[in-house]
Amino acid sequence: LESREAGGADLAKELESLRRKAKTLQEKVLKGLTPFQRVLIARHPGRPRPPAVLEAVAEGFVELRGDRCEADDPGLLAGLGYLDRRRVAWLAHGRGRPGADGPGWARLPTAAGLRKATRLVELAARFGLPLVTFVDTADRGDPDPVAEARQGPAFTELLAMLVDLPTPSLAVVLGEAYGDHGITLAVADRVLVLEHAVCAPV
């Protein structure tokens, strides 16, 4: 009905009535959700993912690539841009990044990605930039002992930088925040959790 260009007062009245009914029905359904149904909403394929939110919110975003040590990890997006004409450092999980193993891509950051994040946090501290992070990671990490050993120091360095960051920081949990990868990026002065998003430290 909304797509029809021509329509009289009767159509407009009917549309308004349908919108009210839809809103009432939506509120009724969402009010009665079980905890597991909320988790399913957090995992819904149509839910906005960090790359899409970053593209919509960050103005003039310039991506920072590489950790100056090993490689560039697309599992974490890092860069500089503007928010309401103010310079901001941006950090986001790469989950749902287009062009990388399909729209459901949920790769976890590697040690290289954590070092890239640390590099961005250092830039934010040096130039007095506020930091905004978008958190959305579904997995708890790689159980491989070799991967754990490589990521441990990178996690520690990033956490230390985030805790001591002298500039304001904001973390926004968009969908899921599980384990080390989810909780690490949620270390901030203020943490916002979207409706039906889920967090678990382990």
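Structure summary
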read-out: Residue check for GLY94: buried (at least 18 other Cβ atoms within 10 Å of the Cβ), modelled with pLDDT of 85 or more, under 20 Å from VAL172 (Cα atoms) and of a type outside the set (D, E, K, R); value: no
read-out: Residue under evaluation LEU40, criteria (1) in contact (Cβ under 8 Å) with a residue 12 or more places away in the chain; (2) on the phi < 0 side of the Ramachandran plot; (3) surrounded by fewer than 17 Cβ atoms within 10 Å (Cβ to Cβ), criterion not met; value: (1)
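The values are calculated or read from the model by the stated rules, or taken from the named source; none is laboratory data. Note that the structure is a prediction, hence the values are computed from the model and not measured. Neighbour counts are summed over all protein chains in view; Cβ atoms, including those assigned to glycine, are modelled from backbone coordinates with ideal geometry.
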